[in-house]
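Right, one structure below, let's go through it.
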Amino acid sequence: MPDDALGKPNIIVILVDDMGYSDIGCFGSEIRTPNLDSLAAGRLRFSQMYNAARCCPSRAALLTGLNPHQAGVGHMVADLGVPEYQGYLKENAVTIAEALKADGYSTFMSRQVWVTWAATTLAADDLVDSSRSHVSNSDTARCSTYRYVGILTGAGNFYPTSQDLMDQDTLVPLTDLDEFYLTDAISDNAVSMIGEAVSQGPNPVLRIFAWPLYAAQIDRMDQGVGRILEALRSGGVVDNTLIMFLSDNGGCAEFLAEDGSMPQPARYGGINPDGTPVVVGNIPGLRPGGPQTFMSYDLPWANASNTPFRRFKRWTHEGGISTPLIMSWPTRIQESGIVHSPVHLIDIMPTCLDAAGASHPTERAGQQTIPLEGESMLSTVNRGDWERESPIIWEHEGSRAVRQGQWKLVSAIGGGWELYNMERDRTELDDLYARNRSKAQELERIYQEWATAAACCRGPSSARTGTRGCAARASIFQANALYCAPEPSFQRRLEPGDETREPDTRSLTPTIKH
């Protein structure tokens, strides 16, 4: 782990879970995040960074530099019977850890994985099997080729009511139960990994850290970022370390009901070390936050998190896909700046490979690999500006969007296309579809060509609504039921066209507060 300005940089990607666009101080939040603010000071912030609207597809895009459908995770982790929605990474999709390992990097990960259903159902011994059976496709060995510490599922209790923290294939004993908190455990392991890498020298290092996150936990997460930065400074390696911080989707508006048989107590509830039970559900009058409760963020706070944008996690309107992005690399980024060009998660891997001077492997597991879909944005380090060549395209559960330059075409689940000028109206309030049909039709063609190539919902579009007679679209909605199957009673969905519960953003502009 060298600190040589002329050598390969160390690379750290910090991914937080379910954090909205304006939830950190340097992007306008009232929550104090001094460590992230200091990371951004004198470095780069990206005002139009996008994710893939949901945890699993965003992780697949980050890990592979591919559109989630190309990588095999077009929806979540249920196998829908077609490669684009198989729920785990394809064999010929190379991960960032695999590509950088081939270039001499040691790779570490302290985070949740959740890019395969296998991660929630397999025995631990199977998850690190490098023999590559079907279910080990997106196991920890693919995500971090040197060492992994974290949880394998997509959600869980932050307090020690269950035993699911793993170090490689071994469950981590939770000895100090009164002090255990998952966010801190991820930070502890991140700092430990930095120390381990520094002591090893001289190989450069890739590390991916991820915290599951909601509202008041942002402060705890920011403290963890501060500890990571201090570990880098203490190790003398901070100057030649490229750090990127972002979120996997917008704030989450999902609701936890208190009057159903789900969620399973073994997953979210349980008994605390002091013998008190965990009460599950958004119960009016019950104060959230402590180990005795398990509640969701719900719609009002999701609105606040995503200010000033519309909608939430799972939607391809701006509130569901917009994330802050901070990029720091002291030896290369000498002045602060804000990059306003649209960027996507798929651009992270090619940027890391570009920074490392590494190439994307052309073969994996005896197959020709899928070429990178993302584009390197490394030129922003030198010039502060960058324009992507290809449009950004989304599809999740039938929510669709295309972003090309200043224009965005977007459709809510089951709804019609809407057209917005992002330079004038990023809050998506003035639909120009009927007034600029030529641009709308141009973007529709781009989407249809992509959808056909990505095999996401085969078949022709019948109208502006995008109604399709294909089995794939039906399978996606069935998959949503599958994903929610363990807890069908507490998933409350916003219906298409439900505008009455969204914030009034007419007086707000999507600018970053200084």
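The values are calculated or read from the model by the stated rules, or taken from the named source; none is laboratory data. Bear in mind the structure is a predicted one, so any value in this text is a computation, not a measurement. Note that each Cβ is placed from the backbone with ideal geometry, even for glycine, and that neighbours are counted across all protein chains shown. Just the protein is used for accessible areas: all its heavy atoms, side chains included, with ligands, DNA and RNA removed. Shrake-Rupley method; radii C 1.70, N 1.55, O 1.52, S 1.80 Å.
Every residue in the range 353-385 that is assigned to a loop (DSSP other than H, G, I, E, B) and in contact with a Phe, Trp or Tyr (Cβ under 7 Å, 6 or more places away or on another chain), please.
Once the filter is applied, which keeps residues that are assigned to a loop (DSSP other than H, G, I, E, B) and in contact with a Phe, Trp or Tyr (Cβ under 7 Å, 6 or more places away or on another chain), the range 353-385 yields only MET377.
Where the second residue is surrounded by fewer than 24 Cβ atoms within 10 Å (Cβ to Cβ) and the first is of a type in the set (Lys, Arg) and lies in the range 312-334, which pairs have Cβ atoms under 6 Å and are six or more apart or on separate chains?
Sorted first by the residue in the range 312-334, then by its partner, the pairs are ARG332/VAL381.
Looking only at the range 267-294, which residues are in contact with a strand residue (DSSP E or B) (Cβ under 9 Å, 6 or more places away or on another chain) and assigned to a loop (DSSP other than H, G, I, E, B)?
Answer for the range 267-294, where residues must be in contact with a strand residue (DSSP E or B) (Cβ under 9 Å, 6 or more places away or on another chain) and assigned to a loop (DSSP other than H, G, I, E, B): GLY269, GLY270, VAL278, GLY281, ILE283, LEU286, ARG287, PRO288, GLN292.
Exactly one of (1) modelled with pLDDT of 95 or more; (2) under 30 Å from ARG43 (Cβ atoms) is unmet by ARG388. Its number?
Among (1) modelled with pLDDT of 95 or more; (2) under 30 Å from ARG43 (Cβ atoms), the lone unmet condition for ARG388 is (1).
Could you grab me the full set of residues in the range 407-449 that are within 16 Å of THR316 (Cα to Cα) and open to solvent by 40 Å² or more (accessible area, probe 1.4 Å)?
Within the range 407-449, TRP407, GLY414, LEU429, ASP431 meet the criteria.
Go through the range 386-412 and give me each residue that's in a loop (DSSP other than H, G, I, E, B) and either among the aliphatic types (A, V, I, L, M) or closer than 26 Å to ALA358 by Cα (or both).
Within the range 386-412, TRP386, GLU387, ARG388, GLU389, SER390, PRO391, ALA412 meet the criteria.
Quick check, is VAL402 crowded, with 19+ Cβ neighbours inside 10 Å and either within 27 Å of GLU91 (Cβ to Cβ) or at pLDDT 95 or above (or both)?
yes
Considering each residue of the range 193-206, count those that are β-branched (Val, Ile, Thr), buried (at least 23 other Cβ atoms within 10 Å of the Cβ) and in a helix (DSSP H, G or I), and give that number.
1
Which of the following residues is out of contact with any Asp or Glu (no Cβ under 7 Å at 6 or more places or on another chain), open to solvent by 10 Å² or more (accessible area, probe 1.4 Å) and without any contact (Cβ under 8 Å) to a residue 40 or more places away in the chain: ASP188, ASP178, ASP184?
After ruling out the rest, the residue left standing is ASP188.
Select from the range 309-348 the residues that are in a loop (DSSP other than H, G, I, E, B), touching an Asp or Glu at 6+ places or on another chain (Cβ under 9 Å) and of a type in the set (D, E, K, R) and list them in ascending order.
ARG310, ARG311, LYS313, ARG314
Can we say THR380 is at pLDDT below 95 and not small (Gly, Ala, Ser)?
yes
Please list, ordered by first then second residue, the pairs with beta carbon atoms under 6 Å, 6 or more apart or interchain, first in the range 270-285 and more than 29 Å from PRO300 (Cα to Cα), second of a type in the set (A, V, I, L, M) and open to solvent by 40 Å² or more (accessible area, probe 1.4 Å).
PRO273/LEU177
Return yes or no: is ALA61 at pLDDT 95 or above, under 17 Å from ILE208 (Cβ atoms) and either buried (at least 24 other Cβ atoms within 10 Å of the Cβ) or under 13 Å from the mean Cα position of the chain (by Cα) (or both)?
yes
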